[in-house]
Every structure is written in C-alpha cells, then in structure tokens.
Amino acid sequence: MQEDKLYEYAVIRLVPKVEREEFFNIGLVMFSKKEKFIRVAFHICPDKFKLMHSKVDYEEVQNSLENFQKIASGDKDGGPIAQLDIPERFRWLTAVRSSVVQTSRPHPGKTKDLDATFARLFEELVR
C-alpha cells in the first residue's frame, strides 16, 4: 500500500497595486521535504493582465516568475538562493514580501501522488 506524502503549497499571486492588496492567482509552488520534491508553475492570463490599471510591466512579471522557477529547481542561474536545500528554497519563495509578485501563506496537505495533486491544485486555483 502506498503511503501518503506530506506536502505544502502556496499560491503565487500578482498584486498590481500593492497598497490596495488586490490580487489574482497566477501560479503555484509546492514542496515535500521527505520526497525531495519542489515544483513551480505559472500562467498569466493576458486578458486579465490587460484589465489591470497599473504600471506593472508584463515582461518584469514574467522575469520574476522565471526566477521563481530557477530558484525552485536549483538552477545555478537562480543565484545563491537557488543553491540552498529544497526546504530553504521553499521558505524563501513563500516569505512575506510587499512586491508585485507574492505568495499566499503555505498550506499543508497529504497525498499519494504529488504530481497529480499539483496538477489538480493548479487547475483549481490558477486556471
């Protein structure tokens, strides 16, 4: 019998005007310490982005999200943070910040299939 795997996830949010605290979900980061699993995916709906009345630059947001992926995957181009171990990278990615790209607080869960759970959460919370 397959054992449940503990995981944590956070939703990546675009906050066009930080002072207004309005946001929409654009991605997901999930990790499991025991399974040495971390994954980031994102999707920015161009139509929603156009509706924002903000000076946020699409390319800057895209670059920030790509950096999230580099850090999560441990890519050397992600800088020194990307060289930390997986739990430390997840904690850094989900740290409270007041920037245009933020994350929710981490949420715990357990599953038998991390990839399937990631796909389901991404579909439910981001798409």
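The values are calculated or read from the model by the stated rules, or taken from the named source; none is laboratory data. A quick note: this is a predicted structure, and the numbers were derived from the prediction, not measured. We place every Cβ from the backbone using ideal geometry, glycine too, and count neighbours over all the protein chains shown.
Descriptive notes on the structure:
- When the test is whether a residue is assigned to a helix (DSSP H, G or I) and in contact (Cβ under 8 Å) with a residue 40 or more places away in the chain, L65 passes it.
- Residues of segment 96-117 that are more than 11 Å from the chain's Cα centre (by Cα) and hydrophobic (A, V, I, L, M, F, W, C): V96, V100, L114, A116.
- Filtering segment 1-46 to residues that are in a strand (DSSP E or B) and either over 16 Å from the mean Cα position of the chain (by Cα) or of a type in the set (K, R) (or both) leaves K5, L6, R13, R39.
- Out of M52, M30, M1, sole residue that is within 18 Å of T111 (Cα to Cα) and either at pLDDT below 95 or among the basic types (K, R) (or both): M1
- If you go through segment 90-123 and keep only what is of a type in the set (S, T, N, Q) and out of contact with any Lys or Arg (no Cβ under 8 Å at 6 or more places or on another chain), you end up with S98, S99, T117.
- Residue within segment 106-114 that is touching a residue at least 60 places away in the same chain (Cβ under 8 Å), assigned to a helix (DSSP H, G or I) and farther than 12 Å from L28 by Cα present: yes
- Taking the listed residues E123, E66, E88, E35, the one that is of a type in the set (D, E, K, R) and more than 30 Å from Q2 (Cβ to Cβ) is E66, with no other qualifying.
- Among residues of segment 92-108 being of a type outside the set (K, R) and surrounded by fewer than 16 Cβ atoms within 10 Å (Cβ to Cβ), the one that is modelled with the lowest pLDDT is S98.
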